[in-house]
Every structure is written in C-alpha cells, then in structure tokens.
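Heads up, the thing below is written out as structure tokens.
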Amino acid sequence: MRVSRVPTVKRIGPYRFFFYSNEGSEPPHSHVEREENLAKFWLEVVALASNSGFSAGELRKIEKLVTDNQVEFLEAWHDYFGR
C-alpha cells in the first residue's frame, strides 16, 4: 500500500519536513528526511518520536530546527488536519 504525502511543509538545507496524509488522528508531529534517513518529531512539546538512520549529533541539529520552526509546523499541521 502506498501512503501519499502531504506537500512539503518546509525545506531547510538538506532536510525536508512533511506530514503523511493519513496521520491526522495522531498528535501533531513532523517527519524529516535526508536521503534515506527519516525521523519523526512531536510538535506540541518538541521531542523525538522515532529515528531511522540519523546520528545522535544530527538529530540534535534537526531538533533545534524543529524547535526554531515549531510555530510554523504546528500551523501547517492544524491548517491541514484541523484542530
């Protein structure tokens, strides 16, 4: 089964931040990918939810990007999925 992606919310350097269209029943979060690496961060209180391939150091950098863009990402989530 192929899961469609919502259009990219934001690109920062090599990272693409996005949501999957079938995840509206979960708390707000963003996925981030670079090449074959993928992670998921909760947005209401920024925290790593899952990781596949990113190093601990890179995850700290990504977490800062998520924190810096938290308001924008939450707005995009609520615009797409509703409140």
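All of the numbers you see were taken from the coordinates with simple rules; none came from a lab. The model shown is predicted, which means the values in this text are computed figures rather than measured ones. Here Cβ is always computed from backbone atoms with ideal geometry, including for glycine, and neighbour counts include all displayed protein chains.
Taking amide hydrogens as modeled 1.01 Å from N in the peptide plane, which residues meet the under 5 Å criterion relative to H29, leaving out close sequence neighbours?
Under 5 Å from the amide H of H29 lie the amide H atoms of L43, each far enough along the sequence or on another chain.
Out of these labelled values of mean projected area of the Cα convex hull in nm², (i) 5.4; (ii) 19.4; (iii) 5.0, which was calculated from the coordinates shown here?
Working out mean projected area of the Cα convex hull in nm² from the coordinates points to (i).
Show me, for the stretch 17-24, the HN-Hα J-couplings you get by feeding each phi into the Karplus relation (A = 6.51, B = -1.76, C = 1.60, θ = phi - 60°), rounded to Hz, glycine and proline as x.
For the stretch 17-24, the Karplus curve yields 9, 7, 10, 8, 6, 9, 10, x Hz.
Averaging sequence separations of C-alpha pairs under 8 Å and six or more residues apart, then dividing by the length of the chain, give the relative contact order as a whole percent.
20
Starting from the Cα-Cα distance between E36 and K10, subtract it from 0.36 nm times their residue separation and give me the gain in nm to one decimal. Numbers along the way, then the final one.
Details: separation 26, 0.36 × 26 = 9.36 nm, distance 1.77 nm.
Full extension from E36 to K10 adds 7.6 nm.
Using unit Cβ charges (K, R positive; D, E negative) and no other charged atoms, how large, in debye to the nearest 20, is the dipole of the stretch 10-81 about its Cα centre?
Computed about the Cα centre, the dipole is about 260 debye.
Among S50, S25, S30, what is the fewest-to-most ranking by other Cβ atoms within 10 Å?
S25, S50, S30
Choose one of G57, S25, L74: the residue whose Cα lies farthest towards the positive end of the charge dipole of the chain (beta-carbon charges +1 Lys, Arg; -1 Asp, Glu; about the Cα centre).
Working it through, the farthest residue towards the positive pole turns out to be G57.
Nearest 500 deg cm²/dmol is fine: what mean residue ellipticity at 222 nm does the chain get from its DSSP H runs of n ≥ 4 alone, each adding -39,500 (n - 2.57), divided by its residue count?
My calculation for the chain gives -9500 deg cm²/dmol from helical runs alone.
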